[in-house]
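*Asks:* Quick one: structure below, then a few questions.
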Amino acid sequence: MPANATPVLVVDAASRQVLYQEEAGVPWYPASTTKLMTALVVFEALRSGDVTLNTPVMMTRNATKQAFLESGLTFGRTMTLEDALFAALTASANDVAVALAEAVASDEASFVQRMNTAAARLGMTATHFSSPNGLFDKTTVSTARDLAILGLEVDRLFPEYRRFFQASAVTIDGKPIKSNNALLTRFSGTIGMKTGFLCASGRNYVGLATRNGKRVMVVLLGATTERERNERAAQYLTQAFDGRLPAAGPVDAVQNRPDVAPQDMRVRLCTDQSAAYEASRDALYPMGLPGHETYLRDTLPEAVHAIRTWPDDNAVDVPVPRQRPS
């Protein structure tokens, strides 16, 4: 795989035909796009009646010890499962994703097992999950192909839950947290889905949009900046809607590459080498920079979902289980 290449996959959602791809079968760290599988497993539990949208989701010690938290939630705070889905998918709250898993399954490990069982059932042959939130673990891997299949199936199987991907912001007890998916307010027709970022993965995107009866999915992995991720995703969508990307076979026929190790982007994105690498990427993808064309031309109203929490008076403080090193 060329050193500057990062995976891309564009798919017609109705026909499942690939419209464009670059390295779509190369393993990658999925980061928070993992939460698409968390959502699918929760949606399955809702459909089977194991839980409801009003099921309480409590912040456990295991949940509150997750990294990179913006929610501000503390041990024992509780919300409905409906609100927890918005927190995990719109705010990308890593702690709430774990609490959600523990509310649906007997524990986090059992939920992760359901995630991997679902991945195998969907034919995601190069994917393995180790958590509900996608925080870095060298065993958590996927590909653009597999993530496209996941996103397409979530959208196809659970149309009644599309609203969970369409909010552009939430408030948690009045604290505003915006989605990192700028297309929701800058590219008309955007349905949503999920972004993700780790230093190891770069900025990932799994997104759907619809225009004039055509529905298109874009998976973009390893972008350097949010501008690059958003502009490139919008560019591919624009090209697909304009008919400039010809069909090139079914997405399921894209070959995964288990022989290739996932790239670790940390040196390029999160060290003193980052400025030079970012400059090289800006030269490759200047869209949206001063003096260059932008594909984010629309101004759309925000859709904000308000989340309210309450204390669980029966919360029991138990030791956090030890985690194996990643």
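*Asks:* Name the strands (runs of 3 or more DSSP E) wholly inside the range 160-239 in which the number of residues that are buried (at least 19 other Cβ atoms within 10 Å of the Cβ) and in contact (Cβ under 8 Å) with a residue 40 or more places away in the chain is 3 or more.
*Replies:* Counting at least 3 such residues, we get 190-198, 202-211, 214-223.
*Asks:* Evaluate the following for residue 9: is it assigned to a strand (DSSP E or B), at pLDDT 95 or above, open to solvent by less than 20 Å² (accessible area, probe 1.4 Å) and not hydroxyl-bearing (Ser, Thr, Tyr)?
*Replies:* So residue 9 fits the description; yes.
*Asks:* Scan the range 236-260 for residues that are in contact with a strand residue (DSSP E or B) (Cβ under 9 Å, 6 or more places away or on another chain) and closer than 27 Å to residue 198 by Cβ and jot them down.
*Replies:* 236, 237, 251, 254
*Asks:* Here is a further query. Would a scan of the range 43-52 turn up a residue that is more than 30 Å from residue 252 (Cβ to Cβ), at pLDDT 95 or above and of a type in the set (A, V, I, L, M, F, W, C)?
*Replies:* Checking the range 43-52: at least one residue is more than 30 Å from residue 252 (Cβ to Cβ), at pLDDT 95 or above and of a type in the set (A, V, I, L, M, F, W, C).
*Asks:* Any residue in the range 254-265 that is in contact with a Cys (Cβ under 7 Å, 6 or more places away or on another chain) and surrounded by 13 or more Cβ atoms within 10 Å (Cβ to Cβ)?
*Replies:* Yes, the range 254-265 has at least one match.
*Asks:* Given the conditions (1) at pLDDT 95 or above; (2) of a type outside the set (A, V, I, L, M, F, W, C); (3) out of contact with any helix residue (DSSP H, G or I) (no Cβ under 9 Å at 6 or more places or on another chain), report the number of the one that residue 106 does not fulfil.
*Replies:* Residue 106 satisfies every listed condition except (1).
*Asks:* Hey, another quick one. For residue 143, indicate whether it is in contact (Cβ under 8 Å) with a residue 60 or more places away in the chain, hydroxyl-bearing (Ser, Thr, Tyr) and buried (at least 17 other Cβ atoms within 10 Å of the Cβ).
*Replies:* yes
*Asks:* Got a number for residues in the range 110-140 being among the aliphatic types (A, V, I, L, M), part of a helix (DSSP H, G or I) and open to solvent by less than 40 Å² (accessible area, probe 1.4 Å)?
*Replies:* Selection size over the range 110-140: 4.
*Asks:* Of everything in the range 269-281 that's touching a residue at least 12 places away in the same chain (Cβ under 8 Å) and part of a helix (DSSP H, G or I), which residue is nearest to residue 231 (Cα to Cα)?
*Replies:* Per the stated criteria, the residue is 281.
*Asks:* Can you pull out the residues in the range 298-326 that are modelled with pLDDT of 95 or more and either exposed (fewer than 11 other Cβ atoms within 10 Å of the Cβ) or over 30 Å from residue 29 (Cα atoms) (or both)?
*Replies:* Matches in the range 298-326: 298, 299, 300, 301, 306, 308, 309, 310.
*Asks:* Moving on to the next point. Pull out all pairs, ordered by first then second residue, where Cβ-Cβ is under 7 Å, the residues are six or more apart or on different chains, the first lies in the range 109-125 and is closer than 18 Å to residue 98 by Cβ, and the second is among the aromatic types (Phe, Trp, Tyr) and buried (at least 19 other Cβ atoms within 10 Å of the Cβ).
*Replies:* So the pair list comes out as 112/129; 115/129; 116/129.
*Asks:* If I go through the range 18-33 residue by residue, how many of them are surrounded by 17 or more Cβ atoms within 10 Å (Cβ to Cβ) and in a strand (DSSP E or B)?
*Replies:* Qualifying residue count, the range 18-33: 5.
*Asks:* Can I ask one more? Given the structure, is residue 99 surrounded by fewer than 24 Cβ atoms within 10 Å (Cβ to Cβ) and not charged (D, E, K, R)?
*Replies:* no
*Asks:* So, in the range 84-107, exactly how many residues are without any contact (Cβ under 8 Å) to a residue 12 or more places away in the chain and at positive phi?
*Replies:* 0
*Asks:* Same structure, new question: Output the number of residues of the range 34-85 satisfying the condition of being in a loop (DSSP other than H, G, I, E, B), among the small types (Gly, Ala, Ser) and buried (at least 20 other Cβ atoms within 10 Å of the Cβ).
*Replies:* Looking only at that region, the number is 1.
The values are calculated or read from the model by the stated rules, or taken from the named source; none is laboratory data. Predicted model only: the values in this text are computed from it and were never measured. When we count neighbours, we look across all protein chains shown, and the Cβ atoms used for this are built from the backbone with ideal geometry, even at glycine. What goes into the accessible areas is simple: the full protein's heavy atoms, side chains included, and nothing from ligands, DNA or RNA. Shrake-Rupley method; radii C 1.70, N 1.55, O 1.52, S 1.80 Å.
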